[in-house]
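What follows is a short report on a single structure.
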Amino acid sequence: MYHILINPASRSGKGLLIWKNQIEPALQRENIPYRAYFSKKAGNASRIAEEITSQTDSTLSLIILGGDGTINEALQGIRNTSRIILGYIPTGSSNDLARDLGIPYNPRDALDLILHSGTPKTMDLGTVTYPDGITRRFAVSCGIGFDAAVCEDAMHSTIKQIMNKLGLGKLTYLGVALKQLFTARAVSGQLTIEDGTPINIGNMLFTACMLHRFEGGGFQFAPNADANDGILNLCVVGDLSKLFVLFALPTAFRGSHYRFKGITPYKAQKLTIETSSPLWVHTDGEVTRKSRRICVTCEKSAIRIITP
C-alpha cells in the first residue's frame, strides 16, 4: 500500500492536474494499491504525515507529490523517519532535492522510478533547534540571514503567483534578492563548530547548512556535499561589499564561489550560530520565524528515499 500526500497547489496550481491526469490513472492501470491525501493549506502536510505515520509501527511507503517545501512540512509530522520509504514526485519551483538525487522532473518518469526501477537509499536529515526548544527538520538545507529573508519575502510577494504561472518565477526571486541585499543591515555573527572555539563572522550576510549540493533552485553552495555522510557542509558569507556580492553569488551556480575571500566552507555534525540581531531562518525554503541563535545537527541515514 502506497500512501500518497499531494500538494494540489504545487507547480503553480498544476499539482492537482498532474495527479488527476497522470499519476492516478497510471496507478489504476497497474492496479497499484494506494490511498491519496490532499494538503489544502500551509501546515496541512505536517498534520497528514503525522496521521499517516501514527497508524503503524511497521515500514511504510510514503509518496510525496509536491516541492521541497511539501517534503519539509511532511518531515515535521513523521513520527519515526527510519520506518519510512519515501518516494518523491517533484512538482515544486526549486526541486533541489530531486536535482541532487537525480530524480526525474517528469511526473510519470518519477512514478515509474518509485514503482519499478528505483532503489531505496538512506539519506541524512538535519534539525534546527531554537533557544525555546522548538525544533524543525530539513532534508536539503537550512539557512539564517539573506537566503532565508529572500524566501520569506518571496512567500508574501503579490506577484509571485502570477510570475510562476508565466514561467518567470525566478524573476520574482531575483527582484526580491536585490531588494533584500541592498536593504539588509550589517549584522555580526559567531559560528561554533561542535564544541570548538567560536569563529567570528563580521557583517554576516548568511550561513547555509547544506545536506545536499543545491539550494534556491540550483545554487551549488556545497559542491562536495554527500547526503549520506552524517556531515553538514556550511557556506558562510560575510565581510563582502554588497556590490561585490552581486558578482560573487552567481558563481555559486557552478560551485566556484569559494575562490572569493569572504565566502568560506566549513564542515560539522553539530554547530551553533549566534547573531547580533534576529535574522530569518529557513528550512528547505520554508520560513517560520526569526532568531538570534540556532543549533543545527545532522542525523546520519535518518530516512530512506527511492533514487535511480
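Just one of the listed residues (L240, L271, L249) is assigned to a helix (DSSP H, G or I), farther than 30 Å from A110 by Cα and open to solvent by less than 40 Å² (accessible area, probe 1.4 Å), namely L249. Screening the candidates A36, A74, A26, A49 for the property of being outside any helix (DSSP H, G or I) and surrounded by 14 or more Cβ atoms within 10 Å (Cβ to Cβ) yields one hit, A36.
Residues to consider are E73, E50; find the one that is of a type in the set (D, E) and over 15 Å from the mean Cα position of the chain (by Cα).
E50
All conditions in (1) closer than 14 Å to D147 by Cα; (2) hydrophobic (A, V, I, L, M, F, W, C); (3) in contact (Cβ under 8 Å) with a residue 40 or more places away in the chain; (4) not in a strand (DSSP E or B) hold for A227, with the sole exception of (1).
Hey, can you tell me all the residues within the stretch 83-134 that are more than 15 Å from the chain's Cα centre (by Cα), among the polar types (S, T, N, Q) and under 30 Å from Q269 (Cβ atoms)? T119, T122, T129 - these are the residues of the stretch 83-134 that are more than 15 Å from the chain's Cα centre (by Cα), among the polar types (S, T, N, Q) and under 30 Å from Q269 (Cβ atoms). Of F214, F219, F253, all but one fail to be in contact (Cβ under 8 Å) with a residue 60 or more places away in the chain and either under 18 Å from R99 (Cβ atoms) or among the charged types (D, E, K, R) (or both); the exception is F214.
Of the residues making up the stretch 77-100, those that are open to solvent by 10 Å² or more (accessible area, probe 1.4 Å), closer than 14 Å to D284 by Cβ and assigned to a helix (DSSP H, G or I) number 2. Selection over the stretch 1-23 of residues that are of a type outside the set (G, A, S), touching a Leu at 6+ places or on another chain (Cβ under 9 Å) and in a loop (DSSP other than H, G, I, E, B) gives a count of 3.
Within the stretch 275-289, residues that are free of Cβ contacts under 8 Å to residues at least 60 places away in the same chain reach partners that are of a type in the set (S, T, N, Q) and in a strand (DSSP E or B) with beta carbons closer than 7 Å, at six or more positions or on different chains, in the pairs P278/S291. Selection over the stretch 185-223 of residues that are of a type in the set (V, I, T) and closer than 18 Å to W280 by Cβ gives a count of 3.
Restricting attention to the stretch 211-254 and to residues that are over 21 Å from A302 (Cβ atoms) and of a type in the set (K, R), the residue that is nearest to the chain's Cα centre (by Cα) turns out to be R254. Once the stretch 274-300 is narrowed to residues that are hydrophobic (A, V, I, L, M, F, W, C) and buried (at least 18 other Cβ atoms within 10 Å of the Cβ), the residue that is nearest to D68 (Cα to Cα) is V287. A search for C-beta distances below 8 Å between a residue of the stretch 52-63 that is assigned to a loop (DSSP other than H, G, I, E, B) and any residue that is at pLDDT below 90, counting only pairs 6+ apart in sequence or on different chains, returns S54/R79. Residues in the stretch 101-151 that are modelled with pLDDT of 95 or more, acidic (D, E) and either open to solvent by 60 Å² or more (accessible area, probe 1.4 Å) or not in a strand (DSSP E or B) (or both): D109, D112, D132.
For the stretch 59-69, state whether one or more residues are over 21 Å from C151 (Cα atoms), modelled with pLDDT under 95 and surrounded by fewer than 16 Cβ atoms within 10 Å (Cβ to Cβ). For the stretch 59-69, residues over 21 Å from C151 (Cα atoms), modelled with pLDDT under 95 and surrounded by fewer than 16 Cβ atoms within 10 Å (Cβ to Cβ): present.
The values are calculated or read from the model by the stated rules, or taken from the named source; none is laboratory data. Every value quoted in this text rests on a predicted model; they were computed, and no experiment measured them. Cβ sites come from the backbone with ideal geometry, for glycine too, and all protein chains shown count toward neighbours. Only protein heavy atoms, including side chains, enter the accessible area calculation; ligands, DNA and RNA are left aside. Shrake-Rupley method; radii C 1.70, N 1.55, O 1.52, S 1.80 Å.
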